[in-house]
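Novice: I have a structure here, written as structure tokens, and I will follow up with some questions on it.
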Amino acid sequence: YYAEVTVGLSIVARDIEQRLSAANLPTALATSFDNAAVLGNFTAIDQLTPGALNAEVCIDGNPVACFSSEQMSIDFNHIVEHISRYYTIKIGDIIFCGNTGHELPISIGHHFTASINGNTLLDFKTK
């Protein structure tokens, strides 16, 4: 079903979300701005250590969130199988799955890195 994986961050502007929600307006503007979804470099799944995929997000070198595919109630193959029942999936489509459950603060100047099994795939500084 898939040959590559990466890490990604979904960014939500909480102040905008709260303001829209308080006005009973759709909150999509809080999640659909430019660069609201940040993706790392893709790596071939067979290049990673076999077994669980363990992701880590660091801010300024400090680990702030960890995730293991072993924590998922449904594995990747079943997610793809289920989604493909309802949607046409094509090469190049991206499926976000897995969630650390952490809300990470973002400030100007923060240096974010994210890795899978120790391989850094995402590295950026906020502006």
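The values are calculated or read from the model by the stated rules, or taken from the named source; none is laboratory data. In this text the structure is predicted, and so the values were computed from the model without any measurement. We place every Cβ from the backbone using ideal geometry, glycine too, and count neighbours over all the protein chains shown. Please note that ligands, DNA and RNA were not included when accessible areas were found on the heavy atoms of the full protein model with its side chains. Shrake-Rupley method; radii C 1.70, N 1.55, O 1.52, S 1.80 Å.
Novice: Can you pull out every residue in the stretch 68-102 that is assigned to a loop (DSSP other than H, G, I, E, B), of a type outside the set (A, V, I, L, M) and either in contact with a Lys or Arg (Cβ under 8 Å, 6 or more places away or on another chain) or more than 18 Å from Glu56 (Cβ to Cβ) (or both)? Walk me through it before giving the result.
Specialist: First pass over the stretch 68-102, keeping only residues assigned to a loop (DSSP other than H, G, I, E, B): 72-75, 84-102.
This time we only want the ones that are of a type outside the set (A, V, I, L, M), so: 73, 75, 84-88, 90, 92-93, 96-102.
Ser73, Asp75, Ser84, Arg85, Tyr86, Tyr87, Thr88, Lys90, Gly92, Asp93 - these are the residues of the stretch 68-102 that are assigned to a loop (DSSP other than H, G, I, E, B), of a type outside the set (A, V, I, L, M) and either in contact with a Lys or Arg (Cβ under 8 Å, 6 or more places away or on another chain) or more than 18 Å from Glu56 (Cβ to Cβ) (or both).
Novice: Continuing with the same structure: Which number in (1) touching a strand residue (DSSP E or B) at 6+ places or on another chain (Cβ under 9 Å); (2) over 27 Å from Ala13 (Cα atoms) marks the one condition that Ser115 misses?
Specialist: Failed condition: (2).
Novice: Could you look through the stretch 43-52, keep only residues that are more than 16 Å from the chain's Cα centre (by Cα) and not small (Gly, Ala, Ser), and pick out the one that is least open to solvent (accessible area, probe 1.4 Å)?
Specialist: Narrowing the stretch 43-52 to residues more than 16 Å from the chain's Cα centre (by Cα): 44-52.
Checking the rest, the ones that are also not small (Gly, Ala, Ser) come to 45-50.
Values: Ile45: 56, Asp46: 124, Gln47: 135, Leu48: 12, Thr49: 89, Pro50: 121 Å².
Applying the filter and picking the extreme gives Leu48.
Novice: Follow-up. Which numbered condition trips up Glu81, out of (1) within 30 Å of Ser107 (Cβ to Cβ); (2) touching a residue at least 60 places away in the same chain (Cβ under 8 Å); (3) of a type in the set (Asp, Glu)?
Specialist: Of everything listed in (1) within 30 Å of Ser107 (Cβ to Cβ); (2) touching a residue at least 60 places away in the same chain (Cβ under 8 Å); (3) of a type in the set (Asp, Glu), Glu81 misses just condition (1).
Okay, residues lined up against (1) within 23 Å of Lys127 (Cα to Cα); (2) in contact with a helix residue (DSSP H, G or I) (Cβ under 9 Å, 6 or more places away or on another chain); (3) open to solvent by 60 Å² or more (accessible area, probe 1.4 Å); (4) part of a strand (DSSP E or B):
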residue	(1), (2), (3), (4)
Leu20	no, yes, no, no
Pro26	no, yes, yes, no
Asn35	yes, no, yes, no
Asn41	yes, no, yes, no
Val57	yes, no, no, yes
